[in-house]
1. Taking the chain as a Gaussian network, Cα atoms linked when under 10 Å apart, which of 60, 86, 36 shows the biggest mean-square fluctuation?
2. In a Gaussian network model over the chain where Cα atoms closer than 10 Å are linked, find which of 35, 23, 45 has the largest mean-square fluctuation.
3. At each listed q (0.15, 0.17, 0.20 Å⁻¹), what is the log10 of I(q)/I(0) that the Debye formula gives for segment 69-119 modelled as equal alpha-carbon point scatterers?
4. As a test of the formula, what do you get for the chain when each DSSP H run with n ≥ 4 contributes -39,500 (n - 2.57) and the sum is divided by the residue count, at 222 nm and rounded to the nearest 500 deg cm²/dmol?
5. Which value results for Rg/Rh of segment 1-59 when Rg is the Cα radius of gyration and Rh the Kirkwood radius based on the inverse mean 1/r?
6. Once the principal axes of the Cα atoms of segment 9-132 are found, what is the range along each, listed largest first in whole angstroms?
7. Given springs between every Cα pair under 10 Å in a Gaussian network model of the chain, which of 39, 29, 98 has the largest fluctuation?
8. For residue 111 and residue 77 in one chain, what is 0.36 nm times their gap in residues minus the Cα-Cα distance, to one decimal in nm?
Ligand code: MN
C-alpha cells in the first residue's frame, strides 16, 4: 500500500460525529482519496446518486434517515446498488452485523475504529469489489 492508494477515488463519508469526521477525512485524504462529507442520511442518498462515489462509509446513527434506511434505498436502486457500502456501527452487536449483511453492505466496522484499520478495510473492500 502506498500513499497514493486512493488515487483520486471518491469516498462518501456519512458521519455526524465531528471527531470521527476529522479523523477519517484526514487519513483518507492523506492516502489520496477525495472525500465528500455529509452528516445526514437523506443527503447521503442524494449525493450518492449525483456523485456516484467509489465507496460509501456509512455511519448508522445519523440524522435525517438512519444509515440502515439510506443503505436499503441505495442498494435497492439500480443506479447505486453497485457502490460498496461499509457500515459503521456504535457497538459490535451480532444483530448489527447480520443486518449489514442482509442489506447488502460490503463491509462492517464497529466503533471505535482505529484510523489505519479503517483505511485497510476501505482498500480491502475496493479490491474485493473490483474498484481498486
Ligand atoms: Mn453517528
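1. Top of the fluctuation ranking is 36.
2. Checking each option, the largest mean-square fluctuation is seen for 23.
3. -0.42, -0.52, -0.69
4. My calculation for the chain gives -13000 deg cm²/dmol from helical runs alone.
5. Answer for segment 1-59: 0.97.
6. Projected onto the principal axes, the Cα atoms of segment 9-132 cover 32, 30, 27 Å.
7. 98
8. Once the chain is fully extended between residue 111 and residue 77, it gains 9.5 nm.
Every number here is computed from the coordinates shown, using simple stated rules; none is lab data. Quick caveat, the model's predicted, so the values are computed rather than measured.
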